[in-house]
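J.: Pasting in a structure now, in structure tokens, and then I'll have a few things to ask.
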Amino acid sequence: MVTRVLLGLILLVAGLLKLACMWDWIHMDWLWSQPWTEYLLPVCLIYISCGLISGGVTHDRDQWLQRPIPSSEEGKRICCSVRYGGDEYVYRGETFHGASLDAVCGGIRLDLRGAVISEDEEIDIHTCMGGVELFVPESVNVVVKSRCFFGGVGNHTARVVGQHVPTLHIIADNFFGGVDIKN
């Protein structure tokens with residue numbers, strides 16, 4: 001990851017230098033004397049560098065810090081908050097009683113596939129330039145209510161038919177962020 005980010009930063013600086021030369025803020029014409037580098041090279045450099053930086057941060061499996069499941073004072077509803085990073089919470093047989101998830105410039109991965117969900121529960125999600133990835137068991141229904149500004153919620157779960165099927169109520173507020181719900 002470090003090599004990708006460093007290479008991405010070097011290419012980003014090169015692209016920004018080229019734009020500064022084009023806008024006559026600095027003079028490095030000797031460096032950019034080729035005609036094809038006038039517009040194509042800065043765009044390519046910026047595109048590649050942003051891809052390398054974001055790919056090095058988001059696709060590295062080790063970026064997710066596996067944390068113990070936090071609980072509130074009552075021991076029921078969990079509260080997770082992430083700033084500038086990524087945390088992963090995995091339920092392995094524990095009872096789930098709802099959650100409050102806040103992600104600002106970071107991400108939360110909550111895996112409830114191994115959780116015991118016996119009644120309707122609510123998950124409040126707030127994102128600001130971040131995201132939440134939520135894995136739910138196939139034995140629950142998911143109902144989403146969201147308010148998004150340049151973001152969204154993707155509900156990719158299957159609907160379960162039955163009389164006493166528990167429901168997860170997802171209430172999401174996204175500002176330049178998103179939520180992805182999967183089985």
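All of the numbers you see were taken from the coordinates with simple rules; none came from a lab. All figures in this text were calculated on a predicted structure; none of them were measured in a lab. Please note: Cβ atoms are built from the backbone with ideal geometry, for glycine as well, and neighbour counts cover all protein chains shown.
J.: If each of Ser100 and Val143 carries a label point 7 Å out from its Cα toward its Cβ, how far apart are those two points in nm?
T.: 2.2 nm
J.: Let me ask you something else. Just the projected area, averaged over all directions, of the convex hull on the alpha carbon atoms of region 64-182: how many nm²?
T.: Averaged projected hull area, Cα only: 6.7 nm².
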